[in-house]
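One structure is given below, encoded as structure tokens.
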Amino acid sequence: MTLLRSPKTPPKPLPFVRKKKEAMALLGLKDMGNNKDDNPKMCKTTGLPRKRFYRARAHSNPLSDSHFPVPLSPSHVDYTLHYPQLFPSPDKVTSSKRIQFADIGCGFGGLLVSLSTLFPETLMIGMEIRDKVTEYVKERILALRLAHPGQYQNVSVVRTNSMKYIPNYFSKGQLSKMFFLFPDPHFKEKNHRRRVISPHLLDEYAYVLGVGGIIYTITDVEELGEWMQACLKEHPLFEALTEEELEADPVVKLLGSATEEGQKVARNGGQTFRAVFRRIDPPSDA
Ligand SMILES: C[S@@+](CC[C@H](N)C(=O)[O-])C[C@H]1O[C@@H](n2cnc3c(N)ncnc32)[C@H](O)[C@@H]1O
């Protein structure tokens, strides 16, 4: 049985989803039909959702309590809802296939879309706090699945506050890649505690990343770049990738180009600051 916990309401069971219409209702989306011509929110040429219908405030306070359901534990994450073609019924959900990539603060989902076809066998999820933006990514994934049958089945998105609920979604050592692309800078010193990379949160990321797993970060804000680099460098469970390793990793090339924010920075000729670190075993005292 699938149990979800909302901070304000008691746990309630969710029915298992069999039809697209039900899935969309559960995901909080209106079913406008498959026909892009009937749905003004969809672009007639590309069949993808139009961003202007999903405008959201630029920022959301990650320290305030929002009211969205949160799984009680990683084993309560409903894979049938996120990856219906791969997990058509609850009895097909085995512990062997689990989400391995997490894009934290995924925005409009550009990185996930690129990674989905680059790693078609890997399950991945975007975590996004803004509801309209999350809704856009859901629509984008559904549209891509319809336009490319059999593809984009390994990618999903969830509205959540990653600063609070990472351990509800992923178990110890589950992830092999975590992405933090162009995170909100929170310039003022009193707001540094809102940053998604911090010494305290790195403890949590080290917990959900398997040894050898990689954290990718990039920003166009030099001070934030230095902060993320310093936090990672000082953490005993992370080590920087070498230049050769960065060069050989196909994902590194996507960091500045695959996301909407990265494309904006590139269009404006902005500089970027990257920090890519590997999760390592704790150093032995011997
Ligand atoms: C500047 S945008 C970058 C989006 C995307 N990574 C990109 O490169 O285009 C930062 C995103 O992180 C999201 N975000 C901020 N704090 C968050 C949190 N605590 N949990 C989940 N998402 C968060 C914001 O809503 C926003 O969409």
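What follows draws every value from the coordinates through simple rules; no lab data is involved. The shown structure was predicted, so the numbers you read here are calculated from the model rather than taken from an experiment. Cβ placement follows ideal geometry from the backbone for every residue including glycine, while neighbour counts extend to all protein chains displayed.
From most to least packed by mean Cβ count within 10 Å, the peptides 166-172, 67-73 give 166-172, 67-73. Here r is the Cβ-Cβ distance between ALA230 and ASP281 and R0 is 22 Å; the resulting FRET efficiency, rounded to 0.05, is 0.50. Here the extension length gained between SER89 and ASN191 equals 32.4 nm, from 0.36 nm per residue of separation less the Cα-Cα distance.
Could you state, as a whole-number percent, how many of the C-alpha pairs of region 98-216 are farther apart than 19 Å? Write down the numbers at each step before the final one.
Details: 3233 of 7021 pairs.
Result: 46 percent of Cα pairs exceed 19 Å.
Were the residues from HIS200 through GLN271 laid out at 0.36 nm apart, the gain over their Cα-Cα distance would be 22.8 nm.
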